1. In region 56-82, how many residues are in contact with a Pro (Cβ under 8 Å, 6 or more places away or on another chain) and among the aromatic types (Phe, Trp, Tyr)?
2. Condition first: under 19 Å from Thr7 (Cα atoms) and part of a loop (DSSP other than H, G, I, E, B). Can you find one or more residues in region 65-78 that meet it?
3. Looking only at region 3-46, how many residues end up being small (Gly, Ala, Ser) and either in a loop (DSSP other than H, G, I, E, B) or in contact (Cβ under 8 Å) with a residue 40 or more places away in the chain (or both)?
4. So, Arg49, is that one in a loop (DSSP other than H, G, I, E, B), at negative phi and without any contact (Cβ under 8 Å) to a residue 60 or more places away in the chain or not?
5. Which residues, taken from region 1-46, are modelled with pLDDT of 90 or more, surrounded by 14 or more Cβ atoms within 10 Å (Cβ to Cβ) and either under 15 Å from the mean Cα position of the chain (by Cα) or among the aromatic types (Phe, Trp, Tyr) (or both)?
6. Working only within region 53-63, note down all residues that are under 12 Å from the mean Cα position of the chain (by Cα) and part of a loop (DSSP other than H, G, I, E, B).
Amino acid sequence: MAVPEQTPPEISVRAFVNDSGRMTRSLRDGERFVLTMNGEPLADVIPIRRSRFVSTARAQQAFAGIPALDADELRRDLDTMMDDELADDPWPVDE
């Protein structure tokens, strides 16, 4: 199941320039923005992903809205969808 993406906040060009220090720190932390000019969307400002590390807080935020896994229901679904029988061996061993 895909995690629904949050709509990034809109930031005017003027606010972005005036508070560039905070904006760049937010980008470094992985936040994205929609840059606006005269109230109209101008550009998506997204951080470049340089590492694969995900903080605990970010992971918890990403998984916060998903339903809990029911192991018994998963097992029933797998049993319904999968056949326990082995397929014919494509590489039989000659005896």
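The values are calculated or read from the model by the stated rules, or taken from the named source; none is laboratory data. It should be emphasised that the depicted structure is a prediction, and the values quoted were computed from it without experimental measurement. All Cβ positions, glycine included, derive from the backbone under ideal geometry; neighbour counts span all protein chains shown.
1. 0
2. yes
3. Summing the residues that are small (Gly, Ala, Ser) and either in a loop (DSSP other than H, G, I, E, B) or in contact (Cβ under 8 Å) with a residue 40 or more places away in the chain (or both) in region 3-46 gives 2.
4. For Arg49, the condition - in a loop (DSSP other than H, G, I, E, B), at negative phi and without any contact (Cβ under 8 Å) to a residue 60 or more places away in the chain - is met.
5. Once the filter is applied, which keeps residues that are modelled with pLDDT of 90 or more, surrounded by 14 or more Cβ atoms within 10 Å (Cβ to Cβ) and either under 15 Å from the mean Cα position of the chain (by Cα) or among the aromatic types (Phe, Trp, Tyr) (or both), region 1-46 yields Phe16, Glu31, Arg32, Phe33.
6. The answer is Val54, and nothing else.
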